[in-house]
Structures are given as structure tokens and as C-alpha cells.
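Take a look at the structure below.
The values are calculated or read from the model by the stated rules, or taken from the named source; none is laboratory data. In this text the structure is predicted, and so the values were computed from the model without any measurement. Cβ atoms come from the backbone with ideal geometry, glycine included; neighbour counts cover every protein chain shown. Remember, those area values only see protein heavy atoms, side chains included, never the ligands or the DNA or RNA. Shrake-Rupley method; radii C 1.70, N 1.55, O 1.52, S 1.80 Å.
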Amino acid sequence: MKRTECLAMILAGGQGSRLKALTKTVAKPAVPFGGKYRIIDFPLSNCVNSGITTVGVLTQYRPFELHKYLGSGSAWDLDRNGGGVFVLPPYARENEQADWYSGTADAIGQNLNFIDLIDPDYVLILSGDHIYTMDYSWMLESHKMNKADATIGVFEVPWEEAPRFGIMATEKETGRITEFAEKPKEPKSNLASMGIYIFSKPFLKKYLEEDTQNPNSSHDFGKDLIPKMLNDGARLFSYAFDGYWKDVGTIESLWQANMDLLQDTPPFEINGDWKIYSSNPSMPPHYIGADAAVKRSMISEGAKILGEVDHSIIFQDVKIGKGAKVTNSVIFPSTVIEDGAVVDHAIIAQEVVIKAGAHVEGKEEEITVVAENEVVNA
């Protein structure tokens with residue numbers, strides 16, 4: 001079997017509580033995005049496009065729909081010999097009960113046997129809930145050139161957002177990390193961790209095994225392992241990313257990332273040389289009625305539009321009735337918006353019914369959300 005140089009591990013077990021009603025029944029990485037995708041399509045597609053074809057997906061919260069969606073990995077060309085996608089939920093080991101993953105480091109640590117089985121030279125650790133397109137092979141080359149123990153993807157965020165992230169200080173010339181603070185109240189820089197790490201395997205294994213034995217650890221990379229590595233004098237380097245990257249951990253950030261796709265020239269490409277792949281049902285083309293009006297919008301397969309749609313993303317099998325108006329909104333699959341209903345600045349989850357004449361209206365700073373399977377009456 002061809003040796004795997006780099007194994008990707010995608011942390012996809014998040015509850016996503018800040019996404020409120022959208023994650024009542026599904027894990028955050030399985031939340032729909034952009035008219036035909038799920039959030040997890042981005043790290044998966046990035047892996048394949050970067051030439052990384054052995055991927056572990058660590059699941060936990062509400063995993064059924066995510067497991068079903070991943071299937072054999074064929075949508076991302078990951079149904080292959082000598083590689084592929086491996087779903088890794090928590091499991092009971094010999095003489096032990098199954099433990100929930102208690103932190104990002106614990107999740108990887110509980111799967112050290114899988115990492116040993118693949119036996120890569122490097123382990124790439126990714127979050128399953130960010131929207132971005134990135135070539136990880138360049139980051140891996142940087143890791144090798146620096147003879148690094150660990151390399152962390154970093155992104156300059158607005159100063160007012162810096163307290164939400166792990167923030168680091170680096171040597172200007174080399175990019176070597178000198179300080180790291182997890183969600184500091186008074187950040188010293190705006191260089192934020194993207195939650196993307198490359199570790200040399202023996203180095204990672206050593207620290208994970210030590211962390212497992214530490215009863216005072218929260219078993220988290222940002223809170224525990226990265227600071228300890230720095231204190232030990234390990235060679236930690238940053239890898240600066242200057243493309244589009246958005247942590248869609250809140251309703252407003254998820255809505256904005258969808259809206260970003262509706263520019264004449266979007267800030268990132270999903271169907272060019274760096275294609276984003278997805279698993280989608282085969283459906284007929286969408287239908288636009290004689291009296292319908294559609295502007296600045298994405299309309300997916302199987303949708304039927306008889307009313308007005310402006311600056312919105314409409315997923316597959318959505319029905320929008322006569323006289324209905326949908327603006328500045330994201331409508332998830334199989335939702336029905338009946339005649340004369342109004343939807344504005346909203347995210348409507350799957351299989352919702354907005355009854356005739358009903359109004360669902362939010363505003364840009366406070367997007368309205370309707371949970372899956374709900375019925376909204378006039």
C-alpha cells in the first residue's frame with residue numbers, strides 16, 4: 001500500500017449551540033450552506049484538492065445525518081483503496097466504557113490507534129465548521145522547510161473580534177510563535193488561530209499521551225497543548241493565510257457567509273480550479289413561474305418559484321408561492337413558503353411551512369431563524 005505522508009483529522013462533533021435552532025437535530029458541520037453544500041464540504045474538498053486523500057472525520061453530537069451524508073466518501077473522490085474517509089465516533093476500548101470526546105486534544109488522543117494504523121509522517125488537524133478554500137500542501141511544505149514540530153494556520157481578524165480566538169505573537173522574520181493566548185480579554189495581536197494544525201506525528205503522539213495522564217488538563221489544543229509546547233521550547237511556527245475564511249459559529253456569521261456568495265464577483269470560488277464537492281440528491285431543474293421575479297439569488301435544483309426572490313439562497317425542493325416575497329434570506333431544503341408570505345433577513349431550516357400571508361422578518365444585526373419542521377402561521 002502506498003505510504004500516507006499526511007493524514008487529515010477533521011473535528012466534526014460540535015454541537016454548535018450558538019447556531020440555536022439550526023443544530024437541534026444535526027451537528028454543526030452538517031448544516032446546509034450555499035444552496036447545495038454542507039459546511040463540512042469545505043475541509044473535505046480542501047483535503048482532496050490538496051492531494052490529501054486519507055481523512056478521519058471525528059463525529060459526536062447528533063451524528064446520524066452527518067454519517068449518512070458522508071457515506072463512502074464518493075462525492076469527494078474518497079472511496080478509494082490506499083486512502084479514503086473514515087468516520088470516527090467515540091467508542092468503548094478494552095475494559096473501558098465509551099467516553100465522549102471531552103476536548104479537541106482528547107478527540108485526537110482517543111484515536112491514536114487509528115493514527116498509528118495509518119502511520120503518516122504528519123497529521124493535519126482541521127475544524128469541520130469553517131468556510132474557506134485553502135491549499136494545505138503549501139502549509140505542509142512550510143512545516144517541512146521550518147523543521148517545525150507544529151505549524152498553526154493563522155489569519156488576521158479585526159481587533160474587536162480578537163478576544164473570540166486563540167491569539168499569537170510571532171517573530172516577524174521567521175513566523176516562529178513566541179506567545180499564545182486562548183481568547184484573551186486584552187489581545188496583544190490580531191493574529192488568530194484558524195484551528196488548523198500540522199504536527200509531526202511522533203511529536204503529536206508524545207504530547208497527547210502526556211495530556212491523557214494529566215488530571216488538571218481540559219484536553220484542548222488551544223488551552224492546554226499549544227501553551228505547553230511553547231513552554232517546552234518546541235519549534236512552533238505560524239502559517240499566514242490571506243484568503244477568505246469565516247468561522248460560521250453564529251447565526252449572523254453563517255448568514256453573512258451565505259450572502260457573500262451573492263456578489264457579482266464572490267470573495268472565493270466554489271466551482272473553478274478549486275472546486276467544492278458535495279453529495280446531492282438528483283433532482284430536476286428548478287422552475288421559475290411566469291409571474292415570478294428573481295434577482296441576485298442562487299436557486300437550486302427542484303425549486304419552484306412563483307413569487308419574488310431577491311438577494312437570497314434557495315436550496316433544493318423549496319416551493320415559493322404566488323405573491324410571496326423572499327429577500328436577504330437563506331431557505332434550506334424542502335421548505336414551503338405559501339402564497340403571500342413574506343420572509344426577510346432570515347434563515348429557514350429544512351421542511352418548514354410558512355403559511356399563506358405569514359411574515360418572518362429579521363434585520364441584518366439580528367437574523368431570524370425558524371427551526372426544522374416548524375409551521376409558521378399568519
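Counted over segment 1-86, the DSSP beta bridges are approximately 20% antiparallel. Karplus-derived 3J(HN,Hα) values for segment 180-197, using 6.51 cos²θ - 1.76 cosθ + 1.60 with θ = phi - 60°, are 9, 9, 7, 6, x, 5, 10, x, 8, 8, 10, 8, 9, 5, 8, x, 10, 10 Hz; glycine and proline are entered as x. Here K20 is the anchor, and the aspartates and glutamates within straight C-alpha reach of less than 18 Å, apart from those fewer than 8 places off in the same chain, are E65, D129, D247, E252, E351, E361, E364, E365, E366, E372, E374. Whenever you get a sec, compute what percent of the accessible area on the chain sits on carbon and sulfur atoms (1.4 Å probe). Summing carbon and sulfur atoms, their accessible area is 47 percent of the total for the chain. Of all lysines in the structure, those lying under 21 Å Cα to Cα from K325, and not within fewer than 8 positions of it along the same chain, are K295, K304, K355, K363. When each pair of different Cα atoms in segment 215-353 is counted once in the 1/r mean, what is the Kirkwood radius in angstroms, to one decimal? Taking every pair of different Cα atoms in segment 215-353, averaging 1/r and inverting gives 17.8 Å. Below 9 angstrom from the Cβ of A349, what's the summed charge of the other residues (Lys, Arg +1; Asp, Glu -1)? Taking every Cβ under 9 Å from that of A349, the sum is -2.
Over the chain, the ratio between the Cα radius of gyration and 2.2 N^0.38 Å evaluates to 1.04.
Ranking S50, P158, T265 by how far each Cα lies toward the positive end of the dipole of the chain (charges on Cβ) leaves S50 at the top. Compared with the direct C-alpha span, the chain from T250 to E374 gains 42.6 nm at full extension, assuming 0.36 nm per residue.
Amide H contacts under 5 Å for S102: A107, restricted to partners 5 or more places along the chain or on a different chain, H placed in the peptide plane at 1.01 Å from N. For the chain, the antiparallel share of DSSP beta bridges with both residues in that region comes to about 30%. Shown in residue order for segment 114-122 are the 3J(HN,Hα) couplings computed by the Karplus curve 6.51 cos²θ - 1.76 cosθ + 1.60 at θ = phi - 60°: 5, 4, 5, 5, 6, 6, x, 6, 9 Hz (x for Gly and Pro). The residues packed around I320, meaning those with a beta-carbon under 14 Å from its beta-carbon, carry a net charge of -1 if Lys and Arg are +1 and Asp and Glu are -1.
At the residue level, I167 shows approximately 10 square angstrom of accessible surface with a 1.4 angstrom probe and all protein chains present. Averaged per residue, the chain has 45 square angstrom of accessible surface, using a 1.4 angstrom probe with ligands and nucleic acids left out. Couplings 3J(HN,Hα) of segment 278-283, computed from phi: 8, 9, 10, x, 7, 9 Hz, in residue order, whole Hz [Karplus 6.51 cos²θ - 1.76 cosθ + 1.60, θ = phi - 60°; x for Gly and Pro]. Ranking S278, S72 by solvent-accessible area of protein heavy atoms (1.4 Å probe, all protein chains present), from largest to smallest, gives S72, S278.
Residues S218, S253, ordered by accessible area of protein heavy atoms at a 1.4 angstrom probe radius and largest first, appear as S218, S253.
Largest to smallest in accessible area, the residues K295, K304 fall in the order K295, K304 (1.4 Å probe, all protein chains included).
How much net charge surrounds D242 when only the other residues with a Cβ under 13 Å from the Cβ of D242 are counted, with Lys and Arg +1 and Asp and Glu -1? It works out to a net charge of -2.
Amide H contacts under 5 Å for G83: none, restricted to partners 5 or more places along the chain or on a different chain, H placed in the peptide plane at 1.01 Å from N.
Rounded to the nearest 20, the size of the Cβ-charge dipole of the chain about its Cα centre is 360 debye, with Lys and Arg at +1 and Asp and Glu at -1. Its convex hull of Cα atoms gives segment 149-251 a direction-averaged projected area, equal to a quarter of the hull surface, of 7.4 nm². In terms of overall dimensions, segment 75-200 has a Cα radius of gyration and Dmax of 17.0, 51 angstrom. Diffusion coefficient (Stokes-Einstein, Kirkwood radius over C-alpha pairs, 37 °C, 0.692 mPa s) for segment 289-329: 337 µm²/s, rounded to a whole number. Estimated at 0.36 nm per residue, the fully extended path between Q263 and N280 surpasses their Cα-Cα distance by 3.7 nm. Among the listed pairs K183/K228; K144/K275; K275/K319; K205/K246, a Cα-Cα separation exceeding 25 Å is found for K144/K275; K275/K319; K205/K246. Estimated from the Cβ-Cβ distance and a Förster radius of 41 angstrom, the FRET efficiency linking E173 and L117 is about 0.55.
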